[in-house]
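Beneath this line is the structure, given in structure tokens, with notes to follow.
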Amino acid sequence: MDFRYHYTKEQEEFRKEVRDWLKANVPDEMRSRHGGSFQDLPEHVYKFWREKHKVLAAKGWLYPTYPKEYGGGGLSANHETILTEEFERARVVRGFSMGLIIPTLLVWGSEEQKRKFLAPVLKAEKIAFQFFTEPQSGSDLAGIQSRAVRDGDDWVLSGQKCFITGQGDPDVLFGPLVTDPNAPRHRNLGFFIIPFPSKGLEMKRQNLLSGHESCFFFMDNVRIPGGALVGGDHQGWQVAGTTLEIEHGGRGIAFPRDEALSNLIKYSRESNHNGHTIGEDPILQQKAMEALINSRIHTLFSKRNYWMYQARQEMSYHGSQNSMYGKVFRMVNADLARDIMGMNSLLDDRDPRAPFEGKAEAYQRSSLVGAHPGGTVEVQKVIIARRIGISRTRERAAATPSTSGVSGV
Ligand SMILES: Cc1cc2nc3c(=O)[nH]c(=O)nc-3n(C[C@H](O)[C@H](O)[C@H](O)COP(=O)(O)OP(=O)(O)OC[C@H]3O[C@@H](n4cnc5c(N)ncnc54)[C@H](O)[C@@H]3O)c2cc1C
């Protein structure tokens, strides 16, 4: 069996087209310092990418596999794989929207909602943030308390959300709110697309340890139109399930890149330790190879899920397994990096001696913070147990564009 991707002549030509375009259109100083993530972007870099994303979207390269009729690329998984590889190589900053809104609307949105809410996100004209967590409901998402009350054709919202990721200002927020406080858990939520700014909706920012900006939102009688409800009045749990299925890793990644691992191997190969490279030290060599294997296992989970998703295979524990393993291995590899690099791994980008311009230190922080979003390590284990049928409660994977048969995955 061969796990390598093979590309046709046409696909290699497409790769060249993408590579040449990025070379000509993305100056070095605009490339991400942190792989594809958007941590700590200076204002001028953020503005550059806001405009560039619109151009990439118009070429069909920003959201390649999603339907063309709503502003996606209408391209194949092979195109997406090539684009992911080239974007990673060129350190392209990814779209600022929480892209999870896309599969959610593809599965649950009405035609009108797809045109109104999905198309502007796919075209990078509007930015969407994921509006799920509340002070009392992180892991226990079903314990959401923020309310949505019907008033004529409108809904009136009150409550608060926290730890919402995003740089710049959003145009819309998407997430569940309580529509029936008397109904049992999981049957008491509606799922809404909320315009920002709106009267009565306040946003406050906080910096996380990782350098990510995090937002807190406060809703005080925020009025939104009836057409902002996605799915039925009490279907919010099922709609949110689609968002979470993808967030947990159910779509996989065609080309997961682990820059921290590449840097660690480079450091082991090149750094001098008592006249030898670090890689020649028998103890440190063991640690570096443990980090390498951890990373490779995660790559295999990610690629397997990507293949299963594109092949429209039924999935169960696979997304959460990918998420859980990813979170754990990054923390383990951060420990290994400290063993290998010593105090150098803790020098930040203000110190000229910092390896990889401080990226090694940034990894120490982001690997810890990254254990939380979209469900912690423990929560992913709970989901896996439910799905393989050894838990008190049992559950199946939520609907995704892959399994619900919509066009464009
Ligand atoms: C970097 C970052 C980005 C984020 N981005 C977003 C975003 O864009 N939008 C959004 O809505 N939210 C976002 N979040 C919030 C995130 O989803 C929550 O932090 C997460 O769901 C955990 O909730 P909590 O922080 O309230 O922890 P808690 O739920 O209070 O959990 C505390 C601890 O208890 C453990 N625990 C809880 N329940 C169980 C259980 N049943 N079994 C075993 N252990 C359990 C947890 O694993 C954890 O270790 C983000 C968080 C971070 C850190």
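The values are calculated or read from the model by the stated rules, or taken from the named source; none is laboratory data. Being a predicted model, the structure only gives us computed values, none of them experimental. Cβ: placed from backbone, ideal geometry, glycine included. Neighbour counts: every protein chain shown. These accessible areas exclude ligands, DNA and RNA; they are computed on the full protein's heavy atoms, side chains included. Shrake-Rupley method; radii C 1.70, N 1.55, O 1.52, S 1.80 Å.
Assorted remarks:
- Among residues of segment 156-187 being out of contact with any helix residue (DSSP H, G or I) (no Cβ under 8 Å at 6 or more places or on another chain), away from the ligand (no atom under 13 Å from the Cβ) and not in a strand (DSSP E or B), the one that is modelled with the lowest pLDDT is ASP169.
- Positions within segment 1-22 being among the basic types (Lys, Arg) and either touching a His at 6+ places or on another chain (Cβ under 9 Å) or surrounded by fewer than 10 Cβ atoms within 10 Å (Cβ to Cβ) (or both), in sequence order: ARG4, LYS9
- The set of residues in segment 188-203 that are part of a strand (DSSP E or B) and more than 16 Å from LEU229 (Cα to Cα) comprises LEU201, GLU202, MET203.
- Of all residues in segment 267-288, those satisfying the criterion of being open to solvent by 90 Å² or more (accessible area, probe 1.4 Å) and within 32 Å of the chain's Cα centre (by Cα) are ARG269, GLN286.
- Qualifying residue in segment 234-249 (condition: among the charged types (D, E, K, R), over 30 Å from ARG304 (Cβ atoms) and not assigned by TED's automatic domain parsing to the domain that holds ARG304): no
- LEU208 falls short on exactly one of the conditions (1) farther than 30 Å from MET343 by Cα; (2) within 15 Å of the ligand (Cβ to nearest atom); (3) surrounded by fewer than 18 Cβ atoms within 10 Å (Cβ to Cβ), and that condition is (1).
- Qualifying residue in segment 336-345 (condition: aliphatic (A, V, I, L, M), surrounded by fewer than 21 Cβ atoms within 10 Å (Cβ to Cβ) and within 18 Å of the chain's Cα centre (by Cα)): no
- Any pair with Cβ under 6 angstrom, 6 or more apart, that starts in segment 161-188 at a residue that is open to solvent by 30 Å² or more (accessible area, probe 1.4 Å) and ends at one that is among the hydroxyl-bearing types (Ser, Thr, Tyr) and within 9 Å of the ligand (Cβ to nearest atom): PHE163/THR133; PHE163/SER214
- Matching option when the condition is in contact with an Asp or Glu (Cβ under 9 Å, 6 or more places away or on another chain) and farther than 21 Å from PHE356 by Cβ, among ARG223, ARG257, ARG312: ARG223
- Residue count, segment 188-199 (criterion: more than 16 Å from the ligand (Cβ to nearest atom) and out of contact with any Ser or Thr (no Cβ under 8 Å at 6 or more places or on another chain)): 4
- Filter pass, PHE96 being on the phi < 0 side of the Ramachandran plot, modelled with pLDDT of 95 or more and either of a type outside the set (Val, Ile, Thr) or not in a helix (DSSP H, G or I) (or both): no
- Tabulated pairs, segment 117-130, first over 19 Å from ALA240 (Cα atoms), second within 16 Å of the ligand (Cβ to nearest atom) and assigned to a helix (DSSP H, G or I), C-beta under 7 angstrom, 6+ apart or interchain: LEU122/ILE102
- Close pairs from segment 228-253: first closer than 14 Å to GLY175 by Cβ, partner open to solvent by 20 Å² or more (accessible area, probe 1.4 Å) and of a type in the set (Lys, Arg), Cβ under 9 Å, at least 6 apart: GLN235/ARG187; TRP237/ARG185; TRP237/ARG187
- Test: residue in segment 350-368 that is within 15 Å of the ligand (Cβ to nearest atom) and surrounded by fewer than 17 Cβ atoms within 10 Å (Cβ to Cβ): yes
- Residues being crowded, with 17+ Cβ neighbours inside 10 Å, within 22 Å of GLU378 (Cβ to Cβ) and among the polar types (S, T, N, Q) - total across segment 101-151: 3
- Search result, residues across segment 116-148 that are among the charged types (D, E, K, R) and near the ligand (Cβ under 10 Å from one of its atoms): GLU134, ASP140
- In the set ALA397, ALA360, only one residue is in a helix (DSSP H, G or I) and in contact with a Phe, Trp or Tyr (Cβ under 9 Å, 6 or more places away or on another chain); that residue is ALA360.
- Total residues in segment 249-266, condition under 24 Å from GLY109 (Cα atoms) and open to solvent by 20 Å² or more (accessible area, probe 1.4 Å): 1
- When each of VAL379, VAL332 is tested for being crowded, with 18+ Cβ neighbours inside 10 Å and either closer than 20 Å to GLU259 by Cα or out of contact with any Phe, Trp or Tyr (no Cβ under 8 Å at 6 or more places or on another chain) (or both), the lone residue that passes is VAL379.
- Residue in segment 47-69 that is modelled with pLDDT under 95, in a helix (DSSP H, G or I) and of a type outside the set (D, E, K, R) present: no
- Given (1) part of a helix (DSSP H, G or I); (2) more than 30 Å from TYR66 (Cα to Cα); (3) free of Cβ contacts under 8 Å to residues at least 12 places away in the same chain, index of the condition GLN206 fails: (1)
- There is no residue in segment 302-311 that is over 26 Å from GLY99 (Cβ atoms), open to solvent by 40 Å² or more (accessible area, probe 1.4 Å) and of a type outside the set (Asp, Glu).
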